[in-house]
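One structure is given here, and the rest of the page talks about it.
FYI, it's all coordinate maths here, none of it is from the lab. For clarity, every value in this text was computed on a predicted model and none was experimentally measured. Here the Cβ positions follow ideal geometry from the backbone for every residue, glycine too, while neighbour counts run over all protein chains shown.
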Ligand code: NAD
Ligand code: GDD
């Protein structure tokens with residue numbers, strides 16, 4: 001009998017760290033739908049919707065005592081006293097290129113503390129399965145220097161040469177999980193996410209990734225005309241660099257499905273989880289503009305670029321899970337754009353900046369999309 005069918009979700013308490021964040025919040029919902037008893041832990045509550053976790057604790061997981069508390073048995077309801085069986089470790093100080101290229105020390109310091117303490121606290125509490133969320137940022141920079149770079153296979157990670165401290169920390173914790181499995185007979189699963197986007201994700205403030213940034217800037221151009229920060233005139237979106245850098249993007253619904261499938265599998269090595277359709281950031285911007293129903297001009301400006309080209313090789317993912325992410329980018333962006341436009345409308349309305357007569361861009365749009 002496989003592990004997936006060998007345990008009863010309703011009698012299996014699980015912990016999700018980073019449950020106040022983007023993927024963690026969606027994962028809590030996914031696990032609740034499956035019938036699990038869920039504890040969520042984070043330094044903040046989810047920003048855009050109430051959590052459905054059975055227990056939600058505000059804890060700073062850089063601290064050892066807090067990690068022990070996070071991993072202790074269930075405290076409430078029928079499950080009180082039952083040990084946590086699974087940990088999904090998502091807590092991290094992270095963001096898009098704007099954040100990770102400017103906070104190397106903070107990221108390395110905070111995330112090493114969070115991950116070493118959470119993993120050891122899970123072991124001391126007898127956790128059976130531990131899920132670690134690594135990143136495509138572990139792959140060597142020299143394999144990602146052209147926009148048409150070959151898709152990255154799991155074995156490409158070594159010899160190691162990630163671009164940023166963020167990638168080094170992820171590699172370090174991948175190894176820690178590997179050694180815990182060997183030394184302590186603790187089941188660990190490690191995923192390497194490729195750029196995840198979707199509703200209820202960070203869409204402003206500096207930590208947002210390219211999809212949310214393109215959609216927010218498009219929404220500003222549509223609702224106020226001009227560009228974010230300079231309303232009026234031709235709808236315009238600022239893009240860092242020449243926009244010809246490439247990435248692949250995965251919707252969060254595919255992400256949490258893949259996370260669960262990997263957790264239930266018997267595969268112990270790091271596995272890519274992403275879509276394998278490479279698009280340029282200019283194309284991503286045009287997909288957002290199509291979702292908004294507005295023509296925008298691209299304005300290329302200086303900004304942190306990260307690697308030049310990145311894509312996921314999903315051969316191993318298909319082999320291991322018999323499945324891969326399937327939500328088309330246009331569909332996922334359509335859903336996400338609608339949510340981001342709603343967020344922006346509410347914000348502009350509260351600030352008294354929403355034009356009474358309709359969308360600014362609807363009155364000014366003329367220029368076709370261009371790169
Ligand atoms: P997120 O920033 O929305 O969520 C991370 C959460 O961790 C946040 O809510 C944050 O408050 C919490 N956190 C930070 N420091 C903490 C601390 N000291 N104690 C407790 N909680 C703390 O990010 P996300 O997109 O949901 O990412 C989840 C995981 O997936 C992270 O480990 C991230 O590195 C990894 N990942 C995400 C992507 C992506 O594209 N979103 C790509 C690669 C890897
Ligand atoms: N964030 C952002 N904002 N990126 C922009 C913008 C903008 O306004 N304009 C253009 N870009 C470009 C960046 O310069 C980069 O070349 C590309 O879009 C992708 O940027 P991000 O989405 O911020 O990051 P990333 O894909 O390089 O890395 C992200 O994904 C990794 C996993 O694949 C980050 O979130 C990492 O933390 C994550 O591990």
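Can you name every residue in region 297-337 that is under 30 Å from residue 232 (Cα atoms) and within 13 Å of ligand 2 (Cβ to nearest atom)? Within region 297-337, 298, 299, 300, 301, 302, 303, 304, 305 meet the criteria. Among helices (runs of 4 or more DSSP H) lying entirely in region 1-107, which contain 1 or more residues that are under 19 Å from residue 260 (Cβ atoms) and away from ligand 2 (no atom under 16 Å from the Cβ)? Once the helices (runs of 4 or more DSSP H) in region 1-107 are filtered for at least 1 residues that are under 19 Å from residue 260 (Cβ atoms) and away from ligand 2 (no atom under 16 Å from the Cβ), what remains is 3-6, 22-34.
When residue 74 is tested against (1) touching a residue at least 24 places away in the same chain (Cβ under 8 Å); (2) buried (at least 17 other Cβ atoms within 10 Å of the Cβ); (3) more than 17 Å from residue 15 (Cβ to Cβ), exactly one condition is not met: (3). The residues of region 117-148 that are touching a strand residue (DSSP E or B) at 6+ places or on another chain (Cβ under 7 Å), part of a loop (DSSP other than H, G, I, E, B) and closer than 18 Å to residue 316 by Cβ amount to a single one, 139. Scanning region 158-195 for residues that are touching a strand residue (DSSP E or B) at 6+ places or on another chain (Cβ under 8 Å) and within 19 Å of residue 306 (Cα to Cα) yields 166, 167, 170, 171, 192, 193, 194, 195. Look at residue 17 and say whether it is in contact with a strand residue (DSSP E or B) (Cβ under 7 Å, 6 or more places away or on another chain) and closer than 14 Å to residue 88 by Cα. Yes: the conditions hold for residue 17. State whether the residues of region 292-310 include one that is within 30 Å of residue 187 (Cβ to Cβ) and touching a helix residue (DSSP H, G or I) at 6+ places or on another chain (Cβ under 9 Å). Taking every residue of region 292-310 in turn, at least one turns out to be within 30 Å of residue 187 (Cβ to Cβ) and touching a helix residue (DSSP H, G or I) at 6+ places or on another chain (Cβ under 9 Å).
Candidates are the residues of region 217-234 that are in contact with a strand residue (DSSP E or B) (Cβ under 7 Å, 6 or more places away or on another chain) and over 17 Å from residue 203 (Cα atoms); the one that is nearest to ligand 1 (Cβ to nearest atom) is 226. Evaluated against (1) away from ligand 2 (no atom under 13 Å from the Cβ); (2) more than 20 Å from residue 305 (Cβ to Cβ); (3) in contact with a helix residue (DSSP H, G or I) (Cβ under 7 Å, 6 or more places away or on another chain); (4) not in a helix (DSSP H, G or I), residue 203 falls short on exactly one condition, (1). Candidates in region 173-199 are the residues that are assigned to a loop (DSSP other than H, G, I, E, B) and under 16 Å from residue 94 (Cβ atoms); of these, the one that is nearest to ligand 1 (Cβ to nearest atom) is 195.
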